[in-house]
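The values are calculated or read from the model by the stated rules, or taken from the named source; none is laboratory data. This one's a predicted model, so the numbers in the text were calculated from it and none came from an experiment. Neighbour counts are summed over all protein chains in view; Cβ atoms, including those assigned to glycine, are modelled from backbone coordinates with ideal geometry. With ligands, DNA and RNA removed, areas are computed over all heavy atoms of the protein, side chains included. Shrake-Rupley method; radii C 1.70, N 1.55, O 1.52, S 1.80 Å.
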Amino acid sequence: MGEFVTLTYQGESFELPVIVGSEGEKAIDISKLRSETGLITLDPGYANTGACQSSITFMDGEKGILRYRGIPVEELAQHSTFKETAYLLINGRLPNTAELRHFSIMLNDHSLIHEDMKAFYQNFPTASHPMGILSAMVNALRSFYPELETSEEETNIMVTRLLAKIRTMAAMSYKISRGHTVVYPRPDLAYCENFLNMMFDTPVKPYRLKKEVIRALQVFWILHADHEQNCSTSAVRVVGSGRVNFYAAISAGIAALWGPLHGGANQAVVDMLTAIHNDGGNFRKAINRAKDKNDPFRLMGFGHRVYKTYDPRAKIMKKICDQLLDSLDKHDPLLDIARELEAVALEDPYFIDYNLYPNIDFYSGIVLRAIGIPTSMFTVMFAIGRLPGWIAQWKESMDDPNWRICRPRQIYIGPNINHYIPIEKRE
Ligand code: CMC
């Protein structure tokens with residue numbers, strides 16, 4: 001016998017079933033609330049709303065736990081590759097050797113993009129943000145690959161095609177924005193290596209792949225690979241629920257990720273640390289501004305809707321950041337500022353009371369800088385990493401037997417009936 005919550009309204013009682021997840025988290029099933037009581041729920045920002053049941057990612061924000069398909073992200077960051085983690089998220093389990101080899105072959109075979117797409121890149125104004133370009137280009141893929149995604153095999157090809165092409169598209173946009181020759185993917189290089197080579201190789205200066213850089217990028221992408229029902233993933237599900245094509249749904253996710261409160265925070269953190277550095281390293285001013293309720297400024301890279309403790313991804317990212325800078329023998333003054341900022345914030349009653357800890361974006365920008373990624377491309381790097389998660393969530397929503405178009409309601413607070421006045425009679 002399952003649990004129920006009793007709602008009493010106007011003298012009548014209604015029993016609402018309690019749904020229990022596999023980790024014991026509980027939700028009140030309100031799917032019949034309106035039809036039985038006439039009421040709806042109101043939850044701005046959806047902080048108390050479960051939009052779906054999902055078997056992809058588990059997060060416990062109080063304990064700082066993150067698992068993909070049950071596997072702790074710490075184990076994946078230590079032992080897996082981004083490609084294998086992508087397979088895990090999309091297919092629900094780790095691949096065997098033959099499956100991983102087949103997946104690699106598909107990623108290689110689909111890695112080129114239609115040559116006509118190059119012309120699109122060349123016609124964006126030079127100041128265009130790479131996230132706007134990426135979102136537009138992913139949407140445009142539908143015109144180049146219009147076949148219907150009906151069978152399971154067609155769906156697999158379609159999603160692998162996007163995984164393969166997104167790194168080529170991202171690197172190509174960078175090369176074209178710099179006026180450089182485009183570098184094509186190579187069949188002898190694996191996923192991360194290929195991306196780095198397409199970004200940094202030039203005809204006059206061959207790019208030397210370094211294992212520490214490859215590992216840092218693998219971990220960066222593994223840590224970003226999924227994060228359950230965040231803003232961009234919800235955008236993919238909501239847009240996909242109208243049964244638009246796959247590319248349009250992912251393009252919506254990329255657009256949603258762009259915002260500074262979401263994926264754009266990695267760029268915003270480095271912009272903030274740079275501003276502090278240019279101001280003589282005065283990080284206390286930033287802390288004071290973040291606490292001032294009359295100032296809209298927020299400490300970027302701090303706080304999270306779900307994590308009320310240290311973001312487990314930030315812990316790993318911080319370690320990777322230290323290791324990478326050490327191995328490259330690099331010193332980044334922004335890292336010194338970040339460390340000082342974190343130490344002071346974690347002792348400050350404001351940040352303690354609000355449970356504000358560093359999130360994944362606090363150290364990730366410094367890792368990307370060390371790899372050589374320009375700041376404007378940071379959120380594109382997040383998008384490439386998040387793609388397996390968006391794909392897995394989109395597939396799950398398409399296969400959900402309880403699927404319905406996402407269509408929230410509202411409480412109307414506008415004027416009551418108000419008749420039309422012809423223009424000559426208006427004041
Ligand atoms: N600096 C200062 N105050 C903050 C911060 C911050 N970074 N984050 C939250 N607060 C305060 C906020 O002012 C509010 O105070 P009050 O209740 O007095 O008005 C309170 O904490 C709750 O904030 P909220 O905006 O209602 O919390 P939320 O759960 O809606 O927002 C967040 C979460 C991540 C948008 C927010 O913490 C934030 O803006 N952080 C900075 C941006 C950032 O680093 N984003 C990356 C998130 S991790 C990557 C990803 O998964 O997208």
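Within the range 331-353, identify whether any single residue is under 20 Å from Ile214 (Cα atoms) and either surrounded by fewer than 24 Cβ atoms within 10 Å (Cβ to Cβ) or not aliphatic (A, V, I, L, M) (or both), and answer yes or no. Spell out the reasoning first.
Let us first name the residues in the range 331-353 that are under 20 Å from Ile214 (Cα atoms), namely 331-332.
From the residues that got through so far, the ones that are either surrounded by fewer than 24 Cβ atoms within 10 Å (Cβ to Cβ) or not aliphatic (A, V, I, L, M) (or both) too are 331-332.
Checked the range 331-353: at least one residue is under 20 Å from Ile214 (Cα atoms) and either surrounded by fewer than 24 Cβ atoms within 10 Å (Cβ to Cβ) or not aliphatic (A, V, I, L, M) (or both).
Among the residues of the range 308-325, which ones are among the polar types (S, T, N, Q) and in a loop (DSSP other than H, G, I, E, B)? Write out each step before concluding.
First pass over the range 308-325, keeping only residues among the polar types (S, T, N, Q): 309, 323.
Correct list: Thr309 only.
Have a look at Tyr350, Tyr310, Tyr357 and point out the one that is of a type in the set (Ser, Thr, Tyr), on the phi < 0 side of the Ramachandran plot and more than 12 Å from the ligand (Cβ to nearest atom).
Tyr310
When you check Asp326 against the structure, is it open to solvent by 60 Å² or more (accessible area, probe 1.4 Å), within 13 Å of the ligand (Cβ to nearest atom) and not polar (S, T, N, Q), yes or no?
no
Picking from Arg186, Arg167, which residue would you name as being touching a helix residue (DSSP H, G or I) at 6+ places or on another chain (Cβ under 8 Å), in the same structural domain as Gln78 (by TED's automatic domain parsing), closer than 24 Å to Ser80 by Cβ and open to solvent by 40 Å² or more (accessible area, probe 1.4 Å)? Spell out how you get there, then give the answer.
Details: Arg167 fails: open to solvent by 40 Å² or more (accessible area, probe 1.4 Å).
Sole residue among the options that is touching a helix residue (DSSP H, G or I) at 6+ places or on another chain (Cβ under 8 Å), in the same structural domain as Gln78 (by TED's automatic domain parsing), closer than 24 Å to Ser80 by Cβ and open to solvent by 40 Å² or more (accessible area, probe 1.4 Å): Arg186.
Quick check on the range 100-123. Is at least one of its residues outside the structural domain of Cys321 (by TED's automatic domain parsing), modelled with pLDDT of 95 or more, under 30 Å from Glu3 (Cα atoms) and open to solvent by 30 Å² or more (accessible area, probe 1.4 Å)?
The answer is no, given that none of the residues of the range 100-123 is outside the structural domain of Cys321 (by TED's automatic domain parsing), modelled with pLDDT of 95 or more, under 30 Å from Glu3 (Cα atoms) and open to solvent by 30 Å² or more (accessible area, probe 1.4 Å).
Tell me the residue from Tyr363, Tyr354, Tyr412 that is of a type outside the set (D, E, K, R) and in contact with a Cys (Cβ under 7 Å, 6 or more places away or on another chain), please.
Result: Tyr363 is the single residue among Tyr363, Tyr354, Tyr412 that is of a type outside the set (D, E, K, R) and in contact with a Cys (Cβ under 7 Å, 6 or more places away or on another chain).
So, Ala255, is that one assigned to a helix (DSSP H, G or I) and open to solvent by 30 Å² or more (accessible area, probe 1.4 Å) or not?
yes
If you take the residues of the range 265-292 that are at pLDDT below 95 and in a loop (DSSP other than H, G, I, E, B), which of them is nearest to Ile133 (Cα to Cα)?
Ranking the candidates gives Asp279 first.
So, in the range 203-241, how many residues would count as being in a helix (DSSP H, G or I), over 14 Å from Ala77 (Cα atoms) and within 16 Å of the ligand (Cβ to nearest atom)?
So the answer is 7.
What single numbered condition from (1) at positive phi; (2) open to solvent by 70 Å² or more (accessible area, probe 1.4 Å) fails to hold for Gln53?
With respect to (1) at positive phi; (2) open to solvent by 70 Å² or more (accessible area, probe 1.4 Å), Gln53 is out only on (1).
Run Ala255 past the list (1) more than 16 Å from the ligand (Cβ to nearest atom); (2) on the phi < 0 side of the Ramachandran plot and report the number of the one that doesn't hold.
Answer for Ala255: the failing condition is (1).
Looking only at the range 408-427, count every residue that is over 26 Å from Val239 (Cβ atoms) and open to solvent by less than 100 Å² (accessible area, probe 1.4 Å) and tell me the total.
So the count comes out to 4.
Which condition does Asp336 not pass, out of (1) within 9 Å of the ligand (Cβ to nearest atom); (2) more than 11 Å from Asn359 (Cα to Cα); (3) acidic (Asp, Glu), if it passes all the others?
With (1) within 9 Å of the ligand (Cβ to nearest atom); (2) more than 11 Å from Asn359 (Cα to Cα); (3) acidic (Asp, Glu) applied to Asp336, the lone miss is (1).
When you look at Arg305, is it part of a loop (DSSP other than H, G, I, E, B), of a type in the set (Lys, Arg) and without any contact (Cβ under 8 Å) to a residue 40 or more places away in the chain, yes or no?
no
Provide a single number: the residues in the range 22-53 that are within 16 Å of the ligand (Cβ to nearest atom) and among the polar types (S, T, N, Q).
Here the count works out to 2.
Are any of the residues in the range 388-405 outside any helix (DSSP H, G or I) and among the aliphatic types (A, V, I, L, M)?
Within the range 388-405 (the criterion being outside any helix (DSSP H, G or I) and among the aliphatic types (A, V, I, L, M)), the answer is yes, since at least one residue qualifies.
Restricting attention to the range 271-307, which residues are aromatic (Phe, Trp, Tyr) and either away from the ligand (no atom under 11 Å from the Cβ) or open to solvent by less than 20 Å² (accessible area, probe 1.4 Å) (or both)?
Phe283, Tyr307
Out of the residues in the range 313-323 meeting the condition of being of a type outside the set (A, V, I, L, M) and open to solvent by less than 10 Å² (accessible area, probe 1.4 Å), tell me which one is nearest to the ligand (Cβ to nearest atom).
The extreme case among them is Arg313.
State which residue is most open to solvent (accessible area, probe 1.4 Å) when the search covers only the range 206-231 and only residues that are touching a Phe, Trp or Tyr at 6+ places or on another chain (Cβ under 7 Å) and touching a residue at least 24 places away in the same chain (Cβ under 8 Å).
The qualifying residue most open to solvent (accessible area, probe 1.4 Å) is Gln218.
Just one of the numbered conditions (1) open to solvent by 80 Å² or more (accessible area, probe 1.4 Å); (2) without any contact (Cβ under 8 Å) to a residue 12 or more places away in the chain; (3) over 23 Å from His262 (Cα atoms); (4) not in a helix (DSSP H, G or I) is not true of Ala127; which one?
Single failed check for Ala127: (3).
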